[in-house]
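Written below as structure tokens is the structure these notes are about.
Please treat every number below as a calculation from the coordinates, not as lab data. Only a predicted model underlies this, so the values are computations on that prediction, with no experimental measurement involved. Every residue, glycine among them, receives a Cβ derived from its backbone with ideal geometry; neighbour counts consider all protein chains shown.
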Amino acid sequence: MKKINKIFIIILSISFLFAFNTSLFAQKGTVKGIITDSATKEALIGANVFIKGTSIGTSTDFDGHYSIGSITPGTYTLVASYLGYKDAEQEITIVAGKVLEVNLSQSYLAVEGVEVIVTAQAEAQIAAINRQLSAKTIKNVVSAKKIQENPDANAAEAIGRLPGVSIQRNGGEGSKVVVRGLSPKFNKVTIEGVSMASTGSDDRSNDLSMISPYMLEGIELSKAALPDQEADVIGGSVNFVLREAPEKKALDVLAQTGYGGLKNRLGDYKFVVGASSRFLDNKLGVFAQLDVEQRYRDAYDLDISYVHTTSPDTQEEVDVSVGNLFKSDTERKVQRLGGVVVLDYKLPSGKIKLSSFASKINRNVLRRSEVLRPLFVDHFYRLDDSEGSLLVMNNSLRFENTIGGLKIDGGLSYVFSNNDSPKAISFQATELSAFNLKNEAGEDFDITKPPSVVASFAKNNINDAEVSLIAKNTYATNEKGISADLNFTYDLNLSDQFSVQLKAGGKLKKLNKDYDREADRIQV
């Protein structure tokens, strides 16, 4: 009963707040629009838009749109400011209860007497820098142009270019990100603000190699937990913004192939096909993209470890000898298939966005390795053969709308991931008395000699090796999650020089994760 009373009080309070705000909205006005480049007509991301002589303002989103509410009726000067561009100004008249639409264009800032050459790379970064400067929190932003200019294999590689971020690799390809030294399991990864289902078997880390950089409008990285984020954010958070359809029809095609000299094979390829268009007077946008890729990530590895044969505490000269020599030959085949569909509908003061993203990776790995142990005079031969697949899906329906100074956003989402390894087989054989007393050069066996000389004493007779280990491992991880959230943001302008932003919201989330593993091991 007490719980019901509390819920009733909360609902009553929210209703009172809306009723109170409704009367305020009737006395205030709103101005909205889009900021573009005067030459290219492209949207300017992160431009500062404000009322001159006041602290009332906002910044444009990834589509160049802005909206400023809770403005007292009157005549003002609207200013659009953007790094590297001339300020654009226009006189506006705000009417109580009305929404005024003002679109502004800005041009590059020319310095008199000095020739300024703006390269394509610098132009791509301007949008990201302005987005960072206009943000109310400390964040790093990577723009769509910058993402597509760099030859990054996936989204993890693109994020790895930011300061304070390092990458964990799998087969030479970036897979997970480390923010300020924190393990990937402490970081939150979202697509359109919706948390991805984790791909780790025993933690909540995410494999970002699943995400193609060509389907992204931008990447936002926050390196610390913030009050308006989910409660389980511990380290940094990465948000991927999916592309939307531009005003003009577009068809993008990318085709790549490659040759691997390590194994002397031609088989790498990558195909990306994307199309977009807008309908219903540009209100409804449709964007779709398909990504098909195959890579051979072959590798040769050689690792050598050393041991002390004398005690550093009692000897003036310390003898160091070869402990282990490890060498491996890895054949790794990676196949990736991904796609995304984004529908967005523009409302008079907001938009509705439906997005569906799915990606699947198949990995086949065959590794032949050997370990020489001169101290124990033995030689291990090992063969590992494994197959695995990883599937992730993110589906979300998001909306946002502005009523006066109140911005309401929320949505529904469904996420899914499946990490499956149906086969991981290992064989190991051991060759005893695996070293000759003399090598072909007639030298005596001595483990203090250089590794190349020590290796020359090995018999390398696999016919004398006996099977010492047979192992088989299988595992499968499934994670499903559904969520619903609703958020309120209110711009409260107390005076022309003082304004605050109030935020409140809630989220319901249900997560289910299953993990199954089987391991068979025969030690001979």
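One quarter of the convex hull surface built on the alpha carbon atoms of segment 188-266 amounts to 8.9 nm², the projected area averaged over directions.
Using the beta-carbon distance between Val341 and Leu511 and R0 = 22 Å, what value does 1/(1 + (r/R0)^6) give for FRET efficiency, to the nearest 0.05?
Working: r = 24 Å, r/R0 = 1.11.
So the FRET efficiency works out to roughly 0.35.
Please compare each pair in Lys407/Lys480; Lys188/Lys248; Lys41/Lys146; Lys333/Lys513; Lys346/Lys509 to a cut-off of 23 Å on the Cα-Cα distance and tell me which ones are over it. Intermediate values should be presented prior to the final figure.
Details: Lys407/Lys480 30 Å; Lys188/Lys248 34 Å; Lys41/Lys146 18 Å; Lys333/Lys513 28 Å; Lys346/Lys509 27 Å.
Violating the 23 Å limit, Cα to Cα: Lys407/Lys480; Lys188/Lys248; Lys333/Lys513; Lys346/Lys509.
Applying the Karplus relation 6.51 cos²θ - 1.76 cosθ + 1.60 with θ = phi - 60° to segment 64-70 yields 3J(HN,Hα) values of x, 8, 9, 7, 10, x, 6 Hz, where x marks Gly and Pro.
Taking the Cβ of Leu354 as the centre, find all other residues whose Cβ is under 12 Å away and add up their charges (Lys, Arg: +1; Asp, Glu: -1). The partial results should precede the final answer.
Numbers: positive: Lys351, Lys353, Arg398; negative: Glu192, Glu244, Asp344.
Surrounding charge for Leu354 is 0.
Put simply, the amide H of Asp298, placed in the peptide plane, has neighbours under 5 Å in Arg332, leaving out anything fewer than 5 places away on its chain.
In this rough spin-label picture, where each label sits 7 Å from Cα along the Cβ direction, the Val273-Ser369 distance is 4.1 nm.
With +1 on each Lys and Arg Cβ and -1 on each Asp and Glu Cβ, and nothing else charged, work out how big the dipole of the chain is about its Cα centre, in Debye to the nearest 20. Walk me through the numbers before you get to the answer.
Numbers: 60 positive and 64 negative charges, 464 e Å.
Taking the Cα centre of the chain as origin, the dipole is about 2220 debye.
For segment 456-524, taking Cα atoms only, Rg and Dmax work out to 30.5, 88 Å respectively.
Across the alpha-carbon set of segment 136-523, the Rg to Rh ratio works out to 1.10, Rh being the Kirkwood radius. Distant-in-sequence amide contacts of Leu469, defined by a placed amide H-H separation under 5 Å and a gap of 5 or more residues or a different chain, comprise Gln428, Val524. Axis angle, to the nearest 10 degrees, between helix 120-134 and the longest C-alpha principal axis of the chain: 60 degrees. A cut-off under 14 angstrom between Cβ atoms defines the neighbours of Lys509, and their net charge, with Lys, Arg +1 and Asp, Glu -1, is +2. Among the GluC sites (Glu not before Pro) within segment 418-451, which fall in a DSSP loop and have no more than 13 other Cβ atoms within 10 Å of their own Cβ? Listed in order of number, the matching sites are Glu440, Glu443. Segment 323-377 and segment 240-299 have Cα centres lying 17 Å from one another. Between the listed residues Leu343, Val95, Asn364, the Cα displaced farthest toward the positive end of the dipole of the chain, a dipole computed from Cβ unit charges relative to the Cα centre, is found at Val95.
When the helices in the chain are scored as -39500 (n - 2.57) per DSSP H run of 4 or longer and the sum is shared across all residues, what 222 nm value do you end up with, to the nearest 500 deg cm²/dmol?
Calculated mean residue ellipticity at 222 nm is -3500 deg cm²/dmol.
Measure nothing but the geometry: give the 0 to 90° angle between the long axis through the Cα atoms of 2-27 and the longest principal axis through the Cα atoms of the chain, rounded to 10°. Around 50 degrees separate the two axes. Less than 5 angstrom separates the built amide H of Ser349 from those of Thr402, all sequence-distant by 5 or more or on a different chain.
Cross-link partners of Lys360 among aspartates and glutamates, defined as those whose alpha carbon lies under 12 angstrom from its own and excluding same-chain residues fewer than eight positions apart: Asp207, Asp291, Glu293, Asp420.
Quick check on my link table: of Lys32/Lys176; Lys98/Lys353; Lys32/Lys353; Lys176/Lys351; Lys327/Lys438, which ones sit more than 30 Å apart, alpha carbon to alpha carbon? If you can, show how the numbers build up before the last one.
Values: Lys32/Lys176 39 Å; Lys98/Lys353 25 Å; Lys32/Lys353 19 Å; Lys176/Lys351 32 Å; Lys327/Lys438 22 Å.
Exceeds cut-off: Lys32/Lys176; Lys176/Lys351.
Its Cα centre serving as origin, segment 423-508 has a Cβ charge dipole (Lys and Arg +1, Asp and Glu -1) of approximately 420 debye.
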